[in-house]
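The block underneath contains the structure these notes are about, expressed in structure tokens.
The values are calculated or read from the model by the stated rules, or taken from the named source; none is laboratory data. If you're wondering where the values come from, they're calculated on a predicted model, not measured in any experiment. Using ideal geometry, Cβ is built from the backbone for each residue, glycine included, and neighbour counts are taken over all protein chains shown. SASA here: full protein model, heavy atoms, side chains in, ligands and nucleic acids out. Shrake-Rupley method; radii C 1.70, N 1.55, O 1.52, S 1.80 Å.
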Amino acid sequence: MPAAAAPPENLPDELTDRMGILNDQGVTAIMAIQDRLVAQKGLQLFVVIVDDFDGMAAQSWIEQSAAMSGLGEQDLAVAVATDTKELAVLVPASARLDRRSVDRAESQAREHLAADDPAGAVRSLAEGLDKAPQLDPSARAGALASWIVGVVLLLSLLGGIWWKVTAAARRRRRASDDLEAAFHLARRMGSTTVTLDDAVQAARLEAEFAAAEFDPPLVASIRETVAAASAQAVEAHRRRLAVSSGPIDNLQWHLPPAKALAELREIDILTTEALGRLTPLPAQLGELRRQSDLAPTRIAGLRELAKTSGLASATAVQVRQLLDRADSDLAAGRPEAALLPLQTVVALLRPLVSESENAAEPTPNPDSPDR
């Protein structure tokens, strides 16, 4: 058989079998496929069979031959080389044939060539192109739109998942930070609570001693302060047990971290307020005792002030009686008992003392150089 190798050329017919591998039945089958492609899909199929592609790549050979032959956007081309067992398929995008079907037909044709069956390869390619679905442009556009919508939905879903994951991570970080802050605050409050308990116990004893030492009205405010601080201490202990329990190094938390931290901060404020109530008490008791020590001197001074203050007779009698009572308490060795009548005398004399102090102030001179 003469060599049929040739460079790319103008294809003379729809079916060119230079190697004569197709029998009459094969030619008839190929031509029937070509007719169906034109009738059903508006596509014209060119088939060429040579021994080799003259040293060119198969795809380049078929593309150049198609250009030389003036093949258009609705023309298909198939080339098979029997000696080199190569093939090429040209399917324009405008033909709208399903690409996967075309690839599958090409793969089956290569299997025929590998088995030394070039006629089977040609027939397999032609049948595959005939059976390949022709895509509807509107369906393709719809598929593309559906694909785009699917991608958008997927991205939205992934974005939602990412947001949930990051939000969960942020919540875990906040919970971890809150738990650490709550632990440090609980550790510090342990010593504060001990300090408050000791201060309340000491204040109760001082209040009891003061009640025995001084008249009840003099220490009423002190006892009220101690009672209020004691109530705050009890409330702090109760709320603290509702937050956590156990040793400080192995706390068992009964509230979520954020709530535990907020509650501990409020308890800390409550404890600080209770300690603040008790802090001035020693100074107040000390002042009472100082006044008790100064009672003799104060009685004499108040007697002198009462004589020169021009008191009304009834008030003067009341002042004198109170001062006599204070003198009796001193004589009985109870100077602390003298404080209450002395305080009453001071209250009675205070308006007069204020008036005398105002009268004693010099009147400003408008001509003074200081003005």
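A compact table of results
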| quantity | calculated |
| --- | --- |
| Per residue solvent-accessible surface (Å²) - the chain, probe of 1.4 Å | 58 Å² |
| Share of alpha-carbon pairs per 5 Å distance bin for segment 1-56, given as whole % | 4, 17, 24, 21, 18, 10, 5, 1 |
| Cα pair distances of segment 194-269 binned at 10 Å [whole percent] | 17, 36, 24, 15, 7, 0 |
| Accessible-area composition of the chain, carbon plus sulfur, in percent [1.4 Å probe] | 56 percent |
| With Cα atoms, 0 to 90° folded angle of helix 295-308 axis to the chain main axis | 70 degrees |
| Per principal axis, descending, Cα span of segment 181-339 in whole Å | 72, 29, 18 |
| Angle in degrees between helix 216-243 and the longest Cα principal axis of the chain, rounded to the nearest 10 | 20 degrees |
| Segment 262-274 - phi-based ³J(HN,Hα) in whole Hz, Karplus 6.51/-1.76/1.60, Gly and Pro as x | 4, 5, 5, 5, 5, 5, 4, 5, 4, 5, 5, 4, 4 |
| Value of [θ]222 nm, deg cm²/dmol, for the chain, DSSP H segments ≥ 4, -39500 (n - 2.57) each, nearest 500 | -23500 deg cm²/dmol |
| Total formal charge among the other residues, if their Cβ is under 11 angstrom from that of Leu76, Lys/Arg +1 and Asp/Glu -1 | -3 |
| For the chain, convex hull volume per residue from C-alpha positions, Å³ | 412 Å³ |
| Relative contact order (%) - the chain, alpha-carbon pairs under 8 angstrom, separation at least six | 10 percent |
| Rounded to the nearest 10 Å², the accessible area of Thr315 at probe 1.4 Å | 40 Å² |
| Segment 6-160: Cα Rg divided by the 2.2 N^0.38 Å rule of thumb | 1.21 |
| Amide H partners (placed H, <5 Å) of Ser244, local residues excluded | His254 |
| Nearest-ten-degree value, helix 24-36 long axis tilted from longest Cα axis of the chain | 50 degrees |
| Loop-located GluC sites (Glu not before Pro) in segment 24-94 whose Cβ has at most 15 other Cβ within 10 Å (DSSP) | Glu73 |
| Packing rank of 44-53, 198-207, where each peptide gets the mean count of other beta carbons within 10 Å, highest leading | 44-53, 198-207 |
| Per-selection Kirkwood Rh - segment 218-305 (Cα, Å, 1 d.p.) | 16.3 Å |
| Accessible-area order (highest first, 1.4 angstrom probe) of the listed residues Ile269, Ile21, Ile222 | Ile269, Ile21, Ile222 |
| Candidate aspartates and glutamates for bridging to Lys131, where Cα separation is under 18 Å - those fewer than 8 sequence places away on the same chain excluded | Asp35, Asp75, Asp98, Asp103, Glu106 |
| By accessible area with a 1.4 Å probe, ligands and nucleic acids excluded, highest first: order of Ser313, Ser245, Ser191 | Ser313, Ser191, Ser245 |
